[in-house]
Structures are given as structure tokens and as C-alpha cells.
Amino acid sequence: MTDMIHIGRVREIVRYPIKSMAGLPTDSAFVGWHGLEGDRRFAFRRLNDKSGFPWLTASRLPELLLYQPQGLDESTEEPAPTHVRTPEGLELAIGSAELQNSVAEKFGSAVELMKLKHGIFDEASVSVINLATIAAIGVEAGQDLDTRRFRANILIASDATEPFQEDRWIGGRLVFGGDEVGPILSMTMRDVRCVMINLDPDTAKQDPRIMKAAVRLNDNNAGAYGTVVRTGRISVGQSVSLVLD
């Protein structure tokens, strides 16, 4: 590979087993052809929605963020939760009518939990963001932002402190690890943000200052999406390099 530029290290890895519910940090994860194994494999479908995107997300029901998947078995290749802890503190089985009814009642309409083998993603299978980008948005918004607001799979601590470096990664490849077996992502597009970054991950309360800051600083782009071009295991502390062809 030519023009390989070391840009930083992996600071955090997070998978989101159920779309729009709380994420689960991990020290290591296998990145397969459809993203992190066990990431966004479940989602609630709005039964009365006939659009091309029927999935229930926190932009429609902010309280989804307060549901916490439980019992993830990290020893399996495709880890899946066994239970979900509701905002009220109940632990309900993943496929139970009780869990489905809990979400439907809060949403005010019928929903159905579905599992898709290749995941349910908005744009691409892996999302990446640089901590410097989150910090800059926080400064602009006048607060110290929780990284969970951005719901990225991979958080990178870059050597440079400049925010929005991700914009320049588009068209290149991110290589994880210093050997020839780590995963590689082809960076395909910037991450255009929605109101979900306004939602506090612990309370689900909205603060419009966050998205307004992202709009002012970088036309509402923060982070980037990638597709997997080489599978492999990613780990916290791993080096990250950018390859420009």
C-alpha cells in the first residue's frame, strides 16, 4: 500500500445490538462483511408504516435510548442479547411479547421486533468518528459532550487535534492494526447528522444546541461511514492509518 498515513488509535468500540437502543462498549470485536458482528442486527418495525424505512428509531421515540440490551455473549461469532432492561428497570426476554408491548405502548402504535442477518443500517455498515470532532462540537455548543450521542461504532483518538478530519478520509481506506490481517474500511461518505445527537443518552431529553453547532461548524456533518473491504478483529488501542490511492 502506498501513502499510508498514521492518523491515531482506536479509543473506543461500540456495538448497538438493537437499533436505537443503548450501545455496548467492547474492548475487541470482529469486523465482518456486514460491519461489527452483532451490531444493529435487531430493530423494531412500525407495523403501520409503508415507507421504505419502517424502522422505529429514537428520532421518533427518544425513550428507546433508555432501553439497555443485556446478556451479550462475546464468545460467539455473532453475539446477540438475551434480554433488554427497560427504562423502568424490568428485564424482558429479547423476543417476548412483554418487550414488544413495552415499546409499542410508549410509541403509541404497533411494532414488531425483527432480526436481519446482515443488519439494519441507515447508510453503511460501519460508522467512525474522531474524538476531536466531538470535542469541537461540544465547545461550540458550550458543553462537554458524551460520545454516546454520536452512536459511532469506532471512536478514534487522532494524533492531530483538528476536528472534522473525517471529511478528508472519504475516498480513502482506514487500516486498523500494524500487520496485514487487521480490518480495512473503504470510507464512502460523510455522516450527515440528525436530531439524535440532540438526545441525552441517559435521560433522552433534547438539546437543540448540539445539532445547531454541527450545522454551523461543518454543514451538519460529523464522522464518516465505511464499508468493509477486509475483515478482521479490531481492538481498543490499535493503530489506525489512512491509505490514499
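Assuming a ≥ b ≥ c are the square roots of the Cα gyration tensor eigenvalues, decide whether region 55-173 counts as rounded (a/c under 1.5), prolate (otherwise, with a/b larger than b/c) or oblate.
Prolate, since a/c reaches 1.5 and a/b exceeds b/c.
Just grab the label-to-label distance for ARG230 and ASN101, each label 7 Å out from Cα along the Cβ direction, in nm (one decimal).
5.2 nm
Suppose every Lys and Arg Cβ carries +1 and every Asp and Glu Cβ carries -1, with no other charges. What dipole size does region 1-146 come out with about its Cα centre, to the nearest 20 debye?
Dipole magnitude for region 1-146 comes out near 440 debye.
When the dipole is taken about the Cα centre of region 1-43, and only Lys, Arg (+1) and Asp, Glu (-1) are charged at their Cβ, what size is it in debye, to the nearest 20?
The dipole magnitude comes to about 180 debye.
Just the accessible area per residue of the chain, please: how many Å² with a 1.4 Å probe?
Normalised by residue count, the accessible surface of the chain is 45 Å².
Quick one: 3J(HN,Hα) in Hz for region 11-18, Karplus 6.51/-1.76/1.60 with θ = phi - 60°, rounded, Gly and Pro as x.
9, 8, 10, 9, 10, 10, x, 10
Over region 114-239, with every protein chain in place, what whole percent of the accessible area is carbon and sulfur at 1.4 Å, could you tell me?
The value for region 114-239 is 51 percent carbon and sulfur by accessible area.
Report the antiparallel proportion of the DSSP beta bridges in the chain as a percent, rounded to a multiple of 5.
90 percent
Regarding region 112-245, what whole-number volume in Å³ per residue does the convex hull of its Cα atoms give?
129 Å³
Can you bin region 15-124 into rounded, prolate or oblate? Criterion: square roots of the alpha carbon gyration tensor eigenvalues sorted a ≥ b ≥ c, rounded for a/c under 1.5, prolate for a/b above b/c, oblate for the rest.
Note, shape of region 15-124 comes out oblate.
Just to verify a number: what accessible area does SER102 come out at with the full protein assembly present, 1.4 Å probe, Å² rounded to tens?
Counting only protein heavy atoms, the figure is 20 Å².
Once you put a point 7 Å from the Cα of ARG60 and another 7 Å from the Cα of GLU123, both along the Cβ direction, what distance in nm separates them?
2.1 nm
If you take all C-alpha pairs in the chain, what percent of them are over 26 Å apart?
38 percent
Projecting each Cα onto the charge dipole of the chain (Lys/Arg +1, Asp/Glu -1 at the beta carbon, about the Cα centre), which of GLN165, PRO79, THR203 comes out farthest on the positive side?
THR203
Quick check for me: using +1 on Lys/Arg Cβ and -1 on Asp/Glu Cβ, what's the dipole size of the chain about its Cα centre, in debye to the nearest 20?
Dipole size: approximately 620 debye.
Round to the nearest 0.05 the FRET efficiency obtained for ALA157 and LEU244 when R0 = 25 Å and r is the Cβ-Cβ distance.
About 0.75, to the nearest 0.05.
Kindly identify region 154-209 as rounded, prolate or oblate by the Cα gyration tensor criterion: order the square roots of the eigenvalues as a ≥ b ≥ c, call it rounded if a/c is under 1.5, otherwise compare a/b with b/c, prolate if a/b is larger, else oblate.
Taking the square roots of the gyration eigenvalues as a ≥ b ≥ c, region 154-209 is prolate.
Select from LEU244, ASN218, LEU185 the residue farthest towards the positive end of the dipole of region 167-245; place +1 on Cβ of Lys and Arg, -1 on Cβ of Asp and Glu, and compute about the Cα centre.
Among LEU244, ASN218, LEU185, the one farthest towards the positive end of the dipole of region 167-245 is ASN218.
Helix check for the chain. Which DSSP H runs span at least 24 Å along their own axis by Cα, with a mean Kyte-Doolittle hydropathy no less than -0.5?
none
Mind giving me the nanometre distance, one decimal, between the label points for VAL181 and SER28, set 7 Å out from Cα along Cα→Cβ?
1.1 nm
The values are calculated or read from the model by the stated rules, or taken from the named source; none is laboratory data. Values in this document were obtained by computation on a predicted structure and should not be read as measured data. Neighbour counts run over all protein chains shown; Cβ positions are idealised from the backbone, glycine included. SASA here: full protein model, heavy atoms, side chains in, ligands and nucleic acids out. Shrake-Rupley method; radii C 1.70, N 1.55, O 1.52, S 1.80 Å.
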